[in-house]
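One structure below.
The values are calculated or read from the model by the stated rules, or taken from the named source; none is laboratory data. Note that this is a predicted model, so its numbers are computed, not measured. Note: ideal-geometry Cβ built from the backbone for every residue, glycine included; neighbour counts use all protein chains shown. To get the accessible areas, we keep the full protein, side chains included, count just its heavy atoms, and leave off ligands, DNA and RNA. Shrake-Rupley method; radii C 1.70, N 1.55, O 1.52, S 1.80 Å.
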Amino acid sequence: TMSDLGNGHNSVEKLKLDQTAVEHYLKGGANKDFDAFYDTYLQPLAQAATHSYLVKHYLFVDIILTTAEFISELEGDPGQIIPEIQNIEELLASIKTIDQIKDTIKKIFFQALAYRNNLTSHERVRNIHQVKSYIDTQFTNPDLSLNEVAAKASLTPSYFSAIFRYEFGESFKDYLTRLRIERAKELLLTTN
């Protein structure tokens, strides 16, 4: 019932998963950060999920979808990396306690982080750094595009974007724009 969710708008707000925080954790977090992340963003929801099947269902479906989307962005197969998504109903039926909720979330996240870390530790990272050097010399070319630099790295544009953002903390577009603005400032100061 709605009374399970507490009274008023604030209680319902507290039961919303902060997807941005989850995405941020998946992109840049580490296993050792999990407890702090869980306590800050997931604990209240997990607590409510022990009393309400509806909240538990919402929590896990949302976590699984956000994690699957992250894995897809890195061109992975979510079904292989987080096999839990194959049978969510069975998974939910097996989870009864707050410890089981935490352990299951931890397992899902750790599988995604392991996949991410495995990808970014390969020669692809060296490749991305080489392409960044190319961008640094070609940024004045108005035709320089994401498609072109991704092709240089032998990656699809979406995958290149994800790895670039992970490695350098900003998107290709933001990086390119920043280089061009810095160059324009330099020219304004030193030329007519």
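Here are some notes:
- Wholly within the stretch 14-120, helices (runs of 4 or more DSSP H) carrying at least 3 residues that are closer than 30 Å to LEU155 by Cβ and either open to solvent by 40 Å² or more (accessible area, probe 1.4 Å) or in contact with a strand residue (DSSP E or B) (Cβ under 6 Å, 6 or more places away or on another chain) (or both): 19-28, 53-73, 98-120
- ASN141 vs. criteria modelled with pLDDT of 90 or more, surrounded by fewer than 17 Cβ atoms within 10 Å (Cβ to Cβ) and more than 30 Å from GLN43 (Cβ to Cβ): yes
- Any chance ASP136 is closer than 30 Å to GLN43 by Cα and open to solvent by 40 Å² or more (accessible area, probe 1.4 Å): no
- Any hit, the stretch 121-137, residues being touching a residue at least 24 places away in the same chain (Cβ under 8 Å) and among the hydroxyl-bearing types (Ser, Thr, Tyr): no
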